[in-house]
Every structure is written in C-alpha cells, then in structure tokens.
Amino acid sequence: MLKKLFLLAVISIFSFQFSIAQKPFIPDTTTEGQARVEEVMRLIDGNYTETPDMVSLSEAAINAMLRTLDPHSVYIPARNVERANEGLQGNFEGVGISFQIISDTIVVQSVIDGGPSEKVGIQIGDKLLRVDGEPVTGDSVDNQFVFKRLRGKKGTTVIIDILRQGSVYNFHIVRDKVPIYSIDTYFMADDSIGYIRLIRFARTSGDEFRKALKALKKEGMKSLILDLRGNTGGFLDIACQLGNEFLDRGQLIVYQEGRKTPRQNFTANGRGNWTAVRDKRGNITANKLVVLIDEGSASASEIVSGAVQDWDRATLIGRRSFGKGLVQRMFPLRDGSQMRLTTARYFTPVGRCIQRPYDEGDDVYRQDVNNRYKHGELVNADSIHFPDSLKYRTASGRTVYGGGGIMPDIFVPMDTMRLSDYYISLRGKGLLNSFPMQWADNHRKDKEVKSFESFLENYDTFGLDSLLAAAALEKGVVRDTAKEATEPERTAHSDRYLALMLKAQVAKNLFGTEYYYKVMKEFDDGYLRAVEELRK
C-alpha cells in the first residue's frame, strides 16, 4: 500500500513539473524595464566622474521615452506648466496687451478688452519706454524680456512709462486675470451671411461662440461661415459643445477608443443654437453652414468638421486638415510637472480615424505639410489619392475618406503667387509691420480715420503704396524689374495682395485685429468661395 502511494506521488510530481516545463515563460517586461531605468540612474549617480544633474537627466530620459511612443505625448517641466496651459484656460495674469518689437522698441499692437491696460487707458500704438523705472528699449529686448516684466501675479502693480505722439505718460497698472479670446473676429459678410473666426478651443470658446452667434442673428444672419483654418485644437469637451450647436439630438459627434480606454461616445443633446432646418426631402432650407479648414486645422477642429461632414450638416471648403486624432490625458507629477500621454484615438461618426500615420518617425511627421506642398497636394486636389480601404459613406451616402485628416468637399488651392521676391524682401526687413504701425501712430487723430468707415472712404487719398515704396528704398529694398517683367501675372497678383495687406495692417493698428480680417476678406479665396456657395 505504501509503495502504491509513493508511486502515485512521484507520478504527480513528475506530471506537475512537466506541465510547468510546457508552459512558455512570459517575462514581466514592465517591471524589468522600470528596474533597468532605476539601475542606470543609480549607477550614474554613484559612479559618474562629475556630479550629475539628476533632475535634468531624468527630464531627458522622460522626453526620450515619450518620443518613442508618438509625436503628441509630451513632458512639461513644472516651470513651464502655467505658460503651456494658459492659452487653453482662457486667461492669464498680466497687464493685457499684445505687442510688437519694432526697431528695438516695444509697441502696443492691441489692448485686450476687459484687461487692466484698457482700464487705465493704454492705447494701440503706445511705445513702452520704462517698466518699473527700467529702460525697455535696445538690442536686449525680446519676447521673453517683455513677458518677464509685464506678466505677474494678480494684484501686483507695474509702473509703465509710455511714449504717445511725442508726449510721455505714466501708468500704474494693477495686474489681473486677462481674458484670452478664442474668436478674434465676427461680422456679416452680406445681409444674410455671417462669419465667425475661431482660433482655438479654450475653456471660454463655447460661450464666445454663442455670444457671436446671437449678435449675428440679430443682424439678420441666415447662413454661417465658421472659419477653423489654422485652429490647432484644444479641449475635447469644448469641441463637443461646438458640434452640439449644429447637430440634432442623438447624433454622434465623435467617439474615442484606446487600449486601456473603452469606447466612449459623445452625442448631441438637441439644444444647439444653429441646428439645420430641413424640408421633406432632407435638404437644408435654413441655418446653412460652411466650415473652412486647411492644413493647419487640427484635433478639435477636425472633430467638429468631421462630425458636420459625416452628418451632411455642412459643406467643408479648403484643404485637407492636419490629421491629429490622438487623445492626450494630463497626468500631474509630484514635483508639479505634467505628462500629457496619449490614451486613445478620435474617430468621426462614420468611423474615420482622424490621426494620420506617424510610423516613419517624428521628423517625417513634423515635415508633413512641407511634403504636401512638394507633392502638389496644397495646389492641386488631383494629386491626392486615397485607397478604397479608406472609403466611408456619410449619412446621405456621399463618399468621404479616412486615413488622417479631413478632406473638404470643395478644394481651394493655396495661393502660391501672392509672395513675390519684392514682397518677401519687404517682409524680411520688417516693413510690413513697422511702416503701417508708424503711419497709424502719426495719423491716429486725423478726422479721415476717426472711424473704420471714414478710413475706407478716404484710404485712396493717403498714397500709402508710394510711401511704402519710398520707405523700402531707404532700407535698400529694390525691385528686380527685369525678373518681374518675365513674370507679369505673378507680379501683378502679388502687388494687389501687397496693397491690400498694407491697408489691412493699417486698419488693424488703428482699430484692432478684427478689422484686419474685414479688409483681407477681399483676397481670401476660401472665404470668397464660401460666400459664393451659400449664395447659391
């Protein structure tokens, strides 16, 4: 009996060992990787020939790790967190001006509505001489120099000496929360078409959009142009707020999904302020919508444009968008730094992945827009080819394509003829900024520029084109008339663009940024095509 029990025990042990041997060994790569990094850090700290800066070393290691993941997972040191987040939070603490540095002098370009500088009477064109008694002119002045002296904690005071039309004024400005606006202009294109330019998806963007929409509706708006060109995105929930303004109850705006992130749908609640009015055939009869996009439209911009395209809610006009559809989640670290880690991908309602490929490396990914230009995509829609595997159908059965970015319904090529050698030389010398600023500063009190309407009425009498040409000669900018004679069409086109740009820059310096766009719309192919489409 004992022999039988012993034999059974041996057989059991042998069977158990055999089963272990047959099971493949799977190493714990996560633990192994962490241990290896910690080991290397300890070896460096204990053996390196000089005292290593372990903080800088750890930051370099973190950045290197994140670069191997994707182009949008990033580490933000604690010292940079506030600056990195302020554009999306919708405010910062400071005095509330935007500026240009012209000939080593800080010149006020705009005064932010509701900011501290507006309250004390700072004006466009004012030149900063001293900040808290320290001179702020000369070769050492750059953007960081200005930020360091003008930004600061709410409630602190900064004393600024201003030069205004030959007189010096002294201002005591109490720093405060300064709003960062997401909409830099909105206006009526004609009696029934409104235009809104949204430049970011920040915390305040939804409220700003609804305010602009309400104002334009009061002016009789029946159709809307939403300009998302150059809008690099922002918060997901704000993108969903904007999409909600256009879509019907229950319609999917976007969904996200990742390895550790279950699919999450974001749908419209039916309480939007610019939803479509349709006839029995489904045609939109009121509250029409056109969305402008280009290669600079990314992330949240692509969520909105993809949603309204998939539901046939809007006509998209422009060029293929950037193709940024990776979802970053912010993880705060113990020392106050942050890591923005990609946790999922965005998909449009019909299932298109917004993110373009990045497997060829970060350098290739970053140069994508340049590569599009080289391949002809920015000037010719026929150079864009999509495989059938990326084909999707909208709600009405129209064909759209995935594979990265949103392709518009109507292609508008980049205007490559507006930048002549002469124009580029003027821009390189800074004359397209300094000359309009100086002229506006010298004529700010003239009755001919008391209002934007009087400015437009009298503009041709100012002779600014000739004055700019004279200023260019003084700076050594000479036209190559022989070369221009061989390119008469490009030269004429660029000269028309230059003349309008000069007019727009002067208007901006006299009245504010929004008036720049009111002038430049005459030369904006995307805008003009949108107006044409809505007038059909």
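The values are calculated or read from the model by the stated rules, or taken from the named source; none is laboratory data. Quick caveat: nothing in here was measured; it's all calculated off a predicted structure. Every residue, glycine among them, receives a Cβ derived from its backbone with ideal geometry; neighbour counts consider all protein chains shown. Heads up: the accessible areas ignore ligands, DNA and RNA and are worked out on the full protein's heavy atoms, side chains in. Shrake-Rupley method; radii C 1.70, N 1.55, O 1.52, S 1.80 Å.
A few remarks follow.
- Cα Rg, Dmax (largest Cα-Cα span) when computed across the range 125-267, Å: 21.7, 64
- The solvent-accessible area of Ile122, taken with every protein chain present and a 1.4 Å probe, is close to 20 Å².
- Relative contact order of the range 178-323: 23 percent, from C-alpha pairs under 8 Å at least 6 residues apart in sequence.
- For the range 329-415, size of Cβ-based charge dipole, Lys and Arg +1, Asp and Glu -1, in debye: 460 debye
- Karplus-derived HN-Hα couplings along the range 297-310 (A = 6.51, B = -1.76, C = 1.60, θ = phi - 60°), whole Hz, x at Gly and Pro: 7, 9, 6, 4, 4, 6, 4, 5, 5, x, 5, 6, 6, 4
- The translational diffusion coefficient of the range 202-326, from Stokes-Einstein at 37 °C and 0.692 mPa s with a Kirkwood hydrodynamic radius over alpha carbon pairs, comes to 220 µm²/s.
- Charged-residue dipole, Cβ positions (Lys, Arg, Asp, Glu), the range 260-401 about Cα centre, Debye nearest 20: 680 debye
- In order along the range 169-175, the Karplus-derived 3J(HN,Hα) couplings, from 6.51 cos²θ - 1.76 cosθ + 1.60 at θ = phi - 60°, round to 10, 10, 10, 9, 10, 8, 4 Hz, and Gly and Pro are given as x.
- Think of the range 303-369 as having a plus end and a minus end, set by charges on the Cβ of Lys, Arg, Asp and Glu; of Val308, Phe322, Thr343, Val308 sits farthest toward the positive end of this dipole.
- Ranking Thr156, Gln34, Met501 by Cα position along the charge dipole of the chain, where only Lys, Arg, Asp and Glu carry charges on their C-beta atoms, puts Gln34 farthest toward the positive end.
- When each of the peptides 310-317, 246-253, 369-376 is scored by the mean number of other C-beta atoms lying within 10 Å of its residues, the order from highest to lowest reads 310-317, 246-253, 369-376.
- Between the listed residues Leu333, Pro488, Val141, the Cα displaced farthest toward the positive end of the dipole of the chain, a dipole computed from Cβ unit charges relative to the Cα centre, is found at Leu333.
- Mean residue ellipticity (222 nm) of the chain, computed from DSSP H runs ≥ 4 via -39,500 (n - 2.57), nearest 500: -12000 deg cm²/dmol
- Applied to the range 221-237, the Karplus parametrisation 6.51 cos²θ - 1.76 cosθ + 1.60 on θ = phi - 60° returns per-residue 3J(HN,Hα) values of 5, 10, 9, 10, 9, 9, 9, 10, 5, x, 7, 7, x, x, 6, 4, 5 Hz, with x for Gly and Pro.
- Working ranking of peptides 502-514, 408-420 by packing, defined as the average number of other Cβ atoms within 10 Å per residue, highest first, is 502-514, 408-420.
- Pairs of Cα atoms in the range 268-333 fall into 10 Å distance bins, from 0 up to the last occupied one, in shares of 18, 42, 27, 11, 3, 0 percent.
- Taking every Cα-Cα distance in the chain and sorting them into 10 Å bins from zero, the calculated P(r) comes out as 3, 14, 21, 23, 19, 10, 4, 2, 2, 1, 1, 0, 0 percent.
- Amide proton proximity set for Leu289, modelled H, under 5 Å, gap of 5+: Leu224, Thr315
- Separation of the range 462-536 from the range 300-343 is 33 Å, based on Cα centroids.
- Mean Cβ neighbour count within 10 Å, used as a protection proxy, ranking 255-263, 277-285 highest first: 255-263, 277-285
- The residues of the chain have, on average, 54 Å² of accessible surface per residue, using a 1.4 Å probe with all protein chains present.
- Based on alpha-carbon atoms, the Kirkwood radius and the radius of gyration of the range 26-182 give Rg/Rh equal to 1.18.
- For Ile253, the amide hydrogen comes within under 5 Å of the amide hydrogens of Phe266, Thr267, Ala268, counting only partners 5 or more places away or on other chains and with H modelled in the peptide plane.
- From the largest down, the range 118-185 spans 33, 24, 23 angstrom on the principal axes of its Cα atoms.
- Orientation-averaged projected area, Cα convex hull of the range 338-417 (nm²): 7.6 nm²
- If R0 is 56 Å, the Cβ-Cβ spacing of Lys222 and Ser466 corresponds to a FRET efficiency of close to 0.85.
- FRET efficiency for the pair Lys153 and Tyr373, taken as 1/(1 + (r/R0)^6) with r the Cβ-Cβ distance and R0 = 56 Å, rounds to 0.80.
- The local environment of Lys483, defined by Cβ-Cβ distances under 15 Å, has a net charge of -4 under the rule Lys, Arg +1 and Asp, Glu -1.
- Its relative contact order, with pairs defined as Cα atoms under 8 Å and 6+ residues apart, puts the range 400-525 at 34 percent.
- The heavy atoms of His72 offer some 30 square angstrom of accessible surface to a 1.4 angstrom probe.
- Dipole magnitude of the chain, debye to nearest 20 (Cβ charges: Lys/Arg +1, Asp/Glu -1, about Cα centre): 2040 debye
- Charge context of Ala314, other residues only, Cβ under 11 angstrom, K/R +1, D/E -1: -2
- Under a 5 Å amide H cut-off, with hydrogens placed 1.01 Å from N, Val178 pairs with Phe92, Glu93, Gly94 among residues at least 5 apart or on other chains.
- Checking the Cα-Cα distances for Lys148/Lys324; Lys148/Lys177; Lys214/Lys518; Lys475/Lys503; Lys288/Lys521 against a 23 Å cut-off, the pairs over it are Lys148/Lys324.
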